[in-house]
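The structure appears right after this line, and notes come after that.
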Amino acid sequence: MKTISTKSLKVQNLKIKKFHIDEDIRNLYNGIFIDLGEMVLFTGKVIKQFFQPPFEHKELIKQGFLIGNKSLSLVSVTGFIMGLVLTMQMYPILSDFGAQTLLPGVIAIAMVRELGPVITGLICAGKISSGIGAEIAAMRVTEQIDAMEVSGTKPLGFVVATRVLAATIVVPILVIFADALSLLGAFLAINAFEHMSGMLFINSAFGALGFIDLIPATIKTVFFGFFIGLIGCYKGYNANKGTESVGYAANSAVVSSSLTVFVIDLIFVLITNIL
């Protein structure tokens, strides 16, 4: 009898554990879809603020300067090192086939089409989105946003829309800086192996680029900037009360915006291949 009762208790415990696991999975899926639905509604409200007065031009310029100034040095150094390292890795391989003259074009296509936008997007996701999320979450915790709503100031327009629009404008500019400095790093790396004039490097690099490389890469950086700013604002604006929610908003903003960068990049790659 003892053996039977022990087995029955084990089976019952296993059923209870399985029930709790299924319940956790169900709650996770429900939370994801609820979060996506709220995100869509929040996006619609923010886009409406772009076209509704008053237009906060001064706040937009201020946020654009702060976002760009904080991220420019990190993006520039990263782009320069990427071009340097990529060239040093590829030169020995191409030289074995006697194709080292193709290296400027290969680096230009790789950086402009894919590596430059994605790496810069990930850096901005970690730098910009987390900063916006933590800042707005702190405003929510200290009831500054509630005070704006009571006083008649629209926090969605003054706080959220300006930051989203600033990120949308600034991120493509940062990508251009990263691409330019990556080509500079590639030029210096090539000259470490053999002499190549600057004019020859520029002609070889830009001669390999076409509109099919530039246009999709530029458009997707605009989407990168929009969603990086939007996700950071959403996580901060919907933060819970309590100081721990500030760190949670910053962390979840980085994770969500980084994943969104990869998803957007995948979509644009598929569209480009179809076209």
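Listing for the model above:
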{"read-out": "Estimated vicinal HN-Hα couplings, Hz - region 117-128 in sequence order (Karplus 6.51, -1.76, 1.60; Gly, Pro = x)", "value": "x, 5, 5, 5, x, 5, 4, 5, 4, x, 8, 7"}
{"read-out": "Low-density loop cleavage sites - GluC sites (Glu not before Pro) in region 73-166, where at most 15 other Cβ are within 10 Å (DSSP)", "value": "Glu143"}
{"read-out": "Phi-based couplings in Hz for region 188-197 (Karplus 6.51, -1.76, 1.60; Gly and Pro marked x)", "value": "5, 5, 5, 6, 6, 9, 8, 7, 9, 6"}
{"read-out": "Listed values [x] 22.2; [y] 23.0; [z] 19.5, entry calculated as mean projected area of the Cα convex hull in nm²", "value": "[y]"}
{"read-out": "Heavy-atom surface of the chain, accessible at 1.4 Å and reported per residue (Å²)", "value": "57"}
{"read-out": "Two-site label geometry, Thr272 and Asn191: point separation in nm, points 7 Å out along Cα→Cβ", "value": "2.9"}
{"read-out": "Cross-link table Lys58/Lys235; Lys45/Lys235; Lys45/Lys70; Lys62/Lys154; Lys48/Lys241; Lys70/Lys154, entries beyond 21 Å C-alpha to C-alpha", "value": "Lys58/Lys235; Lys45/Lys70; Lys48/Lys241; Lys70/Lys154"}
{"read-out": "Relative contact order (%) - criterion: Cα under 8 Å, at least six apart; region: the chain", "value": "30"}
{"read-out": "Helix 2-50 axis, angle to the chain major axis (alpha carbon atoms, nearest 10°)", "value": "60"}
{"read-out": "Along the chain, longest interval not containing exposed chymotrypsin sites (Phe, Trp or Tyr not before Pro), exposed being DSSP loop plus at most 13 other Cβ atoms within 10 Å", "value": "98-275"}
{"read-out": "222 nm mean residue ellipticity, helices alone, for the chain (DSSP H n ≥ 4; -39,500 (n - 2.57); rounded to 500)", "value": "-29000 deg cm²/dmol"}
{"read-out": "Note, ³J(HN,Hα) from phi for region 268-275, Karplus 6.51, -1.76, 1.60, rounded to Hz, x at Gly and Pro", "value": "5, 5, 5, 5, 4, 5, 5, 6"}
{"read-out": "Between 0 and 90°, nearest 10: helix 57-96 axis offset from the chain longest Cα axis", "value": "60"}
{"read-out": "Solvent-accessible area, 1.4 Å probe, carbon plus sulfur percent, for the chain", "value": "71"}
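The values are calculated or read from the model by the stated rules, or taken from the named source; none is laboratory data. Since we're looking at a predicted model, the values are computed, not measured. All Cβ positions, even for glycine, are placed from backbone atoms using ideal geometry, and neighbour counts span all protein chains on display. Areas reflect the complete protein model, heavy atoms only, side chains present, ligands, DNA and RNA absent. Shrake-Rupley method; radii C 1.70, N 1.55, O 1.52, S 1.80 Å.
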